[in-house]
Structure formats: structure tokens, C-alpha cells
Amino acid sequence: MWYILEQLLYDNSIEEEYWRKMRQKLSSNSAIIVGLVAAIGGFLYGYDTGLINDIMEMQYVMSKFPSNHMSFSTHERALITAILSLGTLSGALVAPLLSDNFGRKFSIILSAAFIFNLGNILQTASSTVALLCIGRAISGVGIGMLSAVVPLYQAEASPKWVRGSVVFTYQWAITWGLMIASAICQGTRKVPNSVSYRVPIGLQFLWATGLSLGMFFLPESPRYYVQKNNIEKALQSLSKLRRLPTSDPDLIEELVEIKANYDYELSFGKTTVLDCFRNGGGRHKQVLRMITGIGVQAFQQCSGINFIFYYGTNFFASAGMSNYYMMSFVTYCVNTVFTIPGIILIDTIGRRKLLVGGGVGMSTSNFIIAIVGECVSSSYISSTICISFSCVFIAFFASSWGGCAWALASDIYGISIRQKAMSITTATNWIMNFIFAYITPYLIDTGNHTASLGTKIFFIWGGLNTLGTIFVYFTVYETKGLKLEEVDYMYLHCDGARSSSKFKSTKIDYKNYDNSPPSDSSINEKNHEDDHSNSLEQDHSKEASNYLSSLSQETPDQVPGDINNHEITIVPYNNVLSPSISDNSMTSTDCGHFKHQGPEHGSEDYQKYLNSLQDVAPPHRDEEQSGSSIGHSKLGFSEPNNLNINTGVTLAPILHQPPDFDSDSESNDSRSTT
């Protein structure tokens, strides 16, 4: 057990030394804290889902809300349950507009503090089905935005060795919400007035306020700041998330790689929603990735889990359980407890094995329930077996598909389209959620215009689980142990999903990104770190210069936009990440490099650089390039793994002295100063 926990907290593939483990432990602990606070967004979803299941079975509610004042009709039950999913669908689709423009943190606070609470006010005040549905739809918009942004924020804020576990906590929070909602409704269901439903609904204000306050004290995603070309804030954010000083070489190297990856994707131009469904543009096998994300989210909702959590109380009552409220609570407890193995296993055995194994267990459980329900005549034996294997099914789902679907969707997309693609896959989840939430009463209820399937419905769930398992086997690439920036490289060089498990954390040469063979580049990071620390500073600077040279040779419509008409490149100089600003002081050489013409512009241009960072314009794809200068700003980093950065290094925006351009020619040549 201790070995599994050690594997979760430490990335032993990098380095075995004690100090490295302690640094990783600090980063892991910080990521887990950040992940748990953000995961309260999942708690809101789970709580609201569990709430409606129990509220519709309260005697007082059934005497006031339904049109016949006795019990909810099939249509009313389906509408109240499914209307939340329509709101969540809308919220998921509009999430990129806020998240990509104003930040992940702002989007989460806005969704919880304002949108969700507005809907909750209407739900608490409701005494009719119509107002209850309106309130649930508005709350759903907030939950939908949270479901698209929270897992993404968790993934972008976490180190690679614990990223899957952190995102899995979003699902764990959902299970806690389900369980606590059931427990609270257990205590209020017999109250003979509106307190019975208004207290459970009103408590949601506490959860939403807690999420908003918690997020206020957390840092923004560093990758969002990179997208906005605010490198100084990106460094500060990453420093807080990793609990490392801003001068830490590993911290700066991680930021360098994020920036280099974003520049590579941005060199192909700005992206739109349509680019999520197009191969190319620095996003390899993008169509397959979208099919994978959409498919996994769809099959998660087709598993039958919502049948138990939306209609479990009704199902257990029809199965002959006398205390069906308690049985429903037991299923929520099983769901919560068995999510913990998934949190541990996702970053130890990986996504593929977890999804395939969980799919097999879920399929088997559903088929057993269906067969026993139809073939065993004794109602006592039949109900006992059905309820038992319902819990087994929940255990398999909770430890695999429940959280793994969210983790996978937040892993597999490039930084330039990540939020857009995540929103589309999340919207798929909510579409399927709505479809099955709405049609399930018509499939299982008895009476006119219903299918009255009873336990036969588990044949449907079992069949869909089987299809989902096959789908995962052939389409899901393993992302365990990879940085988000390495995932595209893995898709480029792996022939298929089955071979992706062999891919290791990789040194990326952006100059030869599309041509570098996987056998040469897919190396173990431990060996890479050793080579990195033993290389000479001059060699690293030369390779960094080659990377920058490759960027400078891009065509005009590929180069990012203008920053106050200055050419800015961040390069290693005197072992410091320093800017070189091309005005009239840069001229092109025959080999595509750029040579400084004199030292007199150093201090003046450096100050312009610092000022320009505060007013970075968004990149424009179609600006013209002319003359021997670059003609467009290139706020780019040299390739991270070719950079020898010592402990005392700081990022250019927070330096107090300009780089020394008066070095002798030999030094300048060895460092390839641009």
C-alpha cells in the first residue's frame, strides 16, 4: 500500500535523490489542496443530483407540487430531473467565452457565486413544478460551466505525476455531494411542511459560497497566463502551485516548455471551435482525439449510473425494499468509498487499463442484474441479488469511468484549443445525461405510453458498457506520466492506442518536431535529466539558438502578432533568461540568425521590453513581414530541455539589470545571442 502511495506522490522516473522526492511531495501536496478546493464544483453537481432524487419522494412535496397533488406523473418526473441537464449543456458550451478571455479562476467564481446561486434562490422559493424547473435550469448553467472549467483548471495546475489523481477528485466531490444530499434528506423527509425540501435546497448556498471564497485565494492557471503572453504572472502562478521560488531551475524549465509548446501551436495561426475537428495546425490526430473525448463522455453517461442515482429510490421501492431511502443512501456511500481506489490507480496503472477493467466489471454486473431479474422467480432472492450487484456495478464505475472520463478529457487536447474541446466533450456528457434522464421513466414505469422494461433495462446498460469498453481499447491513448505539452508529441509518434502505453516522458525538439522518430525522442526523463545536468552551458545555448532560428524562419502568416513593433525573444544569456529586442539593432545573417549591431540599445530596449509586457497585444495571423528584421514579435522561449539554468536564475521581467551586450565576440557566438 505504501508503494502505491509513493508512486502517486513521487515521479521516480525523474530522479531518485531524496531532495527531489521532497520537492515533488511539496508540489503534489499543493496540487491536491488546489484540486480539492476546485472540486467543490463537482460537489455542487452531485448534491443537486442526489437532492432531486430524494425530494420527489417526500410526502409533503408530492402533496403540493404534482398537478394531481398525489404523486408525480411520468412526464413531470422526467421534466424535473432532466431540465438540469439542459442548463448544464448551455453552461458547458459558453464556458470558453469566459475561461479563455477572463481566466479559469474568474469563470469558476462567477459560475458558483452568481449563476448557480440565482437558480438556487428560485428553487428554494418554488412551490410549483414550473418555478422549480426554471430554478434548476439556471443552476444547471452554473454547474455546466463548472464541469467544463474545473477539471481543466485542475489539470493545468497539477504536476504530471499526480495530475490524473487531482482531476479524479472532481468525481470524488460529486460522490460526496450525492451522499450528503441523501443524508440531509433522510433527516428532513418526514417534516410536514416546506422545511422538508427548502432546507436541503437552501444549504446549497453554503457550498457555492465556499467554492467562491476558496477559489479567491488560489492562483490562476499558469497556462492561461501563457496564452495571454503574461509570462511574469505565469511564473508567479506556477511558483505558488509548485511551492518553489521563482528562481528555481525546474520551475523555469517547466514554464519554458509550456511557452515553447504554445508558440509552436500559435505559429499555425489562431484557433476557432472548428479547429477542434481538424487535423493539422500543430495538433496531430485531432479528429481522433475529439472522437475519443466525446465517446468516453458519452459512454460514461450510457453506463446506467444515472438510472440508479436519479431513480434509485423509486427502483428500490419497486424491488420490494421497505427502507428504500436507506438503500439509496448505501449506494451513495459505496460510490464515495470506491472512488478512492480510482484516485490511487489512475496514475499508477494508467487510464487505459482502468477504463477497460472498469468497463468489464460494469458490463458483467449489469448483465447479471438483468438475467437474475428475469429468470429468478423468488422476489426476495431476485431483489437481494439485484441490489447487491447494483452496488458492485457502482463500485466498478466509481473506481474507473466516474473520474477517468474527466481526467482523460482534460489531458488530450493542445493548449490552443483545450478549453474549447473540453467544453464540447463536457456538453456531450450533458446531452447524454439529459437524454437518459428524460427517457428512463418512460422505459421503466408501468402504464400508458411506457415500455415497462423493469430489470430488462439492465440489458441495455450492459450492452452499452460492452461497447464502451471496446471503444476505449481501440481509441484511448495512455497519458499517464506525460506533461500536457507531451501529449501531442505522443499522438504524433505512436501508431495506435495499444502502443501508447510504451511512450515515456520525452525531450521535445521543436525544430524537428514532425520528423523526430519516437525511438530517439521517447527517452526516460531520468536519463535526460542526467545528460542535462552534465552538458556544457555553451552547448545548451547553441541548441537554444537553433530552436529560435527555426522559429525565425516561419512564413509571415505563421508568426504571432506584434508587440509595439519590437521583436522580442527570450533567450539564455549569461545563464539568465533575458530578452533581446529587435529594433534597428538587429540584422539578419545568411543562416537565418540575428546579430546584434551594438550595445548602445541594451538598456533602452530592455526597458521598452518591460513596458511592453504590460500591454501585450493578441497575436494576429495575417500581419506582413518585410526586410531583414522579423517584422513580428516573437515572445518565445528556447527549447526547455536544452537550457542549462542554475539556481540563481530569474525570469527576464523581474530582472533589475539589462543583459550585458558588451561581451566579447567569442562569448556572444557561444551563446548565440539573437
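Structure shown: which of Lys105/Lys480; Lys190/Lys456; Lys240/Lys483; Lys160/Lys228; Lys105/Lys504; Lys353/Lys420 lie over 21 Å apart, alpha-carbon to alpha-carbon?
Beyond 21 Å: Lys105/Lys480; Lys190/Lys456; Lys160/Lys228; Lys105/Lys504; Lys353/Lys420.
Database remark: amide H of Phe268 closer than 5 angstrom to no amide H (H placed geometrically; neighbours at sequence offset of 5 or more, or on other chains; Pro and chain starts carry no H). For segment 235-378, the spread of Cα coordinates along the three principal axes comes to 68, 38, 26 Å, biggest extent given first. Each residue of segment 497-504 is assigned a 3J(HN,Hα), and the resulting list reads 4, 5, 8, 5, 5, 7, 6, 10 Hz, derived from the Karplus form 6.51 cos²θ - 1.76 cosθ + 1.60 (θ = phi - 60°), x at Gly and Pro.
One quarter of the surface of the convex hull around the alpha-carbon atoms of segment 173-253 equals 7.5 nm², the direction-averaged projected area. What whole-number distance in Å separates the alpha-carbon centres of segment 104-166 and segment 195-269? Using only Cα atoms, the two centres lie 17 Å from each other. May I ask you to list the residues of segment 40-54 whose amide nitrogen lies under 17 Å from a point 7 Å from Cα along the Cα→beta-carbon direction of Ile121? Answer for segment 40-54: none.
Shown in residue order for segment 337-343 are the 3J(HN,Hα) couplings computed by the Karplus curve 6.51 cos²θ - 1.76 cosθ + 1.60 at θ = phi - 60°: 5, 7, 6, 4, x, x, 4 Hz (x for Gly and Pro). Computed over segment 31-146, the range of Cα coordinates on each principal axis works out to 48, 27, 22 Å, biggest value leading.
For the pair Ile381 and Ile470, the difference between a 0.36 nm per residue extended length and the Cα-Cα distance amounts to 28.8 nm. Peptides 201-212, 403-414, 45-56 ordered by packing proxy, namely the average of other Cβ atoms within 10 Å per residue, highest first: 403-414, 45-56, 201-212. Tally Lys and Arg at +1 and Asp and Glu at -1 over the other residues with C-beta under 15 Å from the C-beta of Val195: what net charge comes out? For residues surrounding Val195, the net value is +3. Charged neighbours of Ala39, selected by a Cβ distance under 14 Å, balance to +2 (K, R count +1; D, E count -1).
If R0 is taken as 25 Å, the Cβ-Cβ distance between Ile349 and Val287 corresponds to a FRET efficiency of 0.35. Between Ser73, Cys133, Asn101, the Cα set farthest toward the positive side of the dipole of segment 55-160 (charges on each charged residue's Cβ, about the Cα centre) is that of Asn101.
A crude spin-label estimate for the pair Asn68 and Thr209, with each label 7 Å from Cα along the Cβ direction, gives 4.1 nm.
The HN-Hα couplings worked out from phi for segment 117-134 by the Karplus form 6.51 cos²θ - 1.76 cosθ + 1.60 (θ = phi - 60°) are 5, 4, x, 5, 4, 5, 5, 5, 7, 6, 9, 9, 5, 4, 5, 4, 5, 4 Hz, whole numbers, x standing for Gly and Pro. When only the Cβ of Lys, Arg, Asp and Glu is charged (+1, +1, -1, -1), the dipole of segment 156-285 relative to its Cα centre reaches about 640 debye.
FYI, it's all coordinate maths here, none of it is from the lab. Computed from a prediction, not measured in an experiment: that's the story for all the values here. Here Cβ is always computed from backbone atoms with ideal geometry, including for glycine, and neighbour counts include all displayed protein chains.
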